[in-house]
1. What residue, among those in the stretch 21-38 that are assigned to a loop (DSSP other than H, G, I, E, B) and touching a residue at least 40 places away in the same chain (Cβ under 8 Å), is farthest from residue 94 (Cα to Cα)?
2. What are the residues in the stretch 94-128 that are surrounded by 17 or more Cβ atoms within 10 Å (Cβ to Cβ) and within 15 Å of residue 187 (Cα to Cα), if any?
3. Name the pairs whose Cβ atoms lie under 6 Å apart, with the first residue in the stretch 181-196 and closer than 16 Å to residue 84 by Cβ, the second hydroxyl-bearing (Ser, Thr, Tyr), and 6 or more positions between them or separate chains?
4. Scan the stretch 72-80 and give yes if some residue there is touching a Leu at 6+ places or on another chain (Cβ under 7 Å) and under 27 Å from residue 150 (Cβ atoms), otherwise no.
5. If the Cβ limit is 6 Å and pairs must be 6+ apart or interchain, which residue in the stretch 85-100 that is within 20 Å of residue 69 (Cα to Cα) and modelled with pLDDT under 95 pairs with which residue that is assigned to a loop (DSSP other than H, G, I, E, B) and not small (Gly, Ala, Ser)?
6. Mind listing just one residue for me: the one in the stretch 145-162 that is touching a residue at least 24 places away in the same chain (Cβ under 8 Å) and within 16 Å of the chain's Cα centre (by Cα) and, of those, nearest to residue 82 (Cα to Cα)?
7. Of the residues that sit in the stretch 69-93 and are in contact with a strand residue (DSSP E or B) (Cβ under 7 Å, 6 or more places away or on another chain) and of a type in the set (D, E, K, R), which one is farthest from residue 198 (Cα to Cα)?
8. Tally up the residues in the stretch 60-87 that are in contact with a Ser or Thr (Cβ under 8 Å, 6 or more places away or on another chain), more than 27 Å from residue 122 (Cα to Cα) and among the aliphatic types (A, V, I, L, M), please.
Amino acid sequence: MRYCGIVAGGSFVHLCALEEVRDPEPPIRLESLFYEPASPEQVAAEVRAFGDAVVAIAAPATSGRDGKPRPADAELKQRGVLPVGPTVEGHRMFGALADIGLFRPKVASDVIDGEVEEGAYETYPAIETNADGVFCALQGRRMPAKRHPIGIQRRIEVLEQHHVADDGGDLWHRRIEEIEAAAAALCAHRYAIGHACWVGDPTESVIVLPGAHLPESFSGQGVLPPVERVVLPEA
């Protein structure tokens with residue numbers, strides 16, 4: 001089984017595939033394979049060639065209705081996770097994999113979150129996710145911004161803590177899009193083993209994240225270490 005993460009970046013998309021490696025002693029490692037940026041159609045063809053694959057796409061599957069934010073995005077923003085805007089490449093990616101089955105929870109339309117049913121990946125091998133949401137869910141608090149050096153450091157540390165290995169180089173040498181694709185692939189793995197939850201409007205589209213449930217809010221406490229800054233006098 002391959003666990004695939006896909007992130008749109010520029011005019012291309014980035015693919016990371018994880019595969020379980022069972023060593024004599026636990027834990028199970030997740031060996032990563034990164035691909036050169038390519039078109040959504042090229043990536044879709046590669047995913048299909050894997051045979052058994054679960055796919056997490058870190059892009060919106062749909063746009064908001066009547067100019068309003070999607071419930072999935074609004075719920076994440078309320079928890080401290082910024083939503084990702086729709087992109088042409090993201091829509092093309094979902095279109096290229098539309099026939100394999102995108103996850104939709106089987107619940108009443110007024111339910112906005114819940115736990116993913118065990119074995120859902122067998123019917124719905126594709127999910128929508130949010131890369132920053134994955135990192136927040138895995139560590140239980142907000143992430144520093146990607147523009148901050150500690151933001152990159154924390155993201156790589158989270159992947160390493162969850163046993164994502166990069167024998168093809170080093171996670172520290174990867175592009176940020178590749179780091180995010182690895183996070184999406186890790187979410188696909190958690191979805192497949194039945195340790196994932198969803199949030200959003202079941203009749204529209206939902207975002208899947210690792211963990212049995214989402215907190216009401218991801219804490220921002222301790223996200224960045226305190227530093228001193230000198231305050232200049234008023235002009």
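The values are calculated or read from the model by the stated rules, or taken from the named source; none is laboratory data. Bear in mind that the values here come from a model prediction, so they are computed numbers and not experimental data. No Cβ is skipped: glycine too gets one built from the backbone with ideal geometry, and neighbour counts run over all protein chains shown.
1. Quick first cut of the stretch 21-38, residues assigned to a loop (DSSP other than H, G, I, E, B) only: 22-28, 35-37.
Remaining after also requiring touching a residue at least 40 places away in the same chain (Cβ under 8 Å): 27-28, 37.
Working: 27: 33, 28: 30, 37: 16 Å.
Among them, the one singled out is 27.
2. Listed by number, the residues that qualify are 102, 103, 116, 120, 121, 124, 125, 126, 127, 128.
3. 184/129; 187/129
4. First pass over the stretch 72-80, keeping only residues touching a Leu at 6+ places or on another chain (Cβ under 7 Å): 79.
Right, trim to under 27 Å from residue 150 (Cβ atoms) and you get 79.
Yes, the stretch 72-80 has at least one match.
5. 86/60
6. If we filter the stretch 145-162 for residues that are touching a residue at least 24 places away in the same chain (Cβ under 8 Å), which is where we start, we get 146, 148, 150, 152, 155, 158-159, 162.
Cutting the leftovers down to within 16 Å of the chain's Cα centre (by Cα) gives us 146, 152, 155, 158-159, 162.
Values: 146: 12, 152: 16, 155: 16, 158: 19, 159: 20, 162: 23 Å.
Looking at the filtered set, the residue picked out is 146.
7. The initial filter retains those residues of the stretch 69-93 that are in contact with a strand residue (DSSP E or B) (Cβ under 7 Å, 6 or more places away or on another chain), namely 70-72, 75-76, 87, 89-90, 93.
Remaining after also requiring of a type in the set (D, E, K, R): 70, 75, 89.
Working: 70: 14, 75: 11, 89: 23 Å.
Top of the filtered list is 89.
8. Of the residues in that region, 0 qualify.
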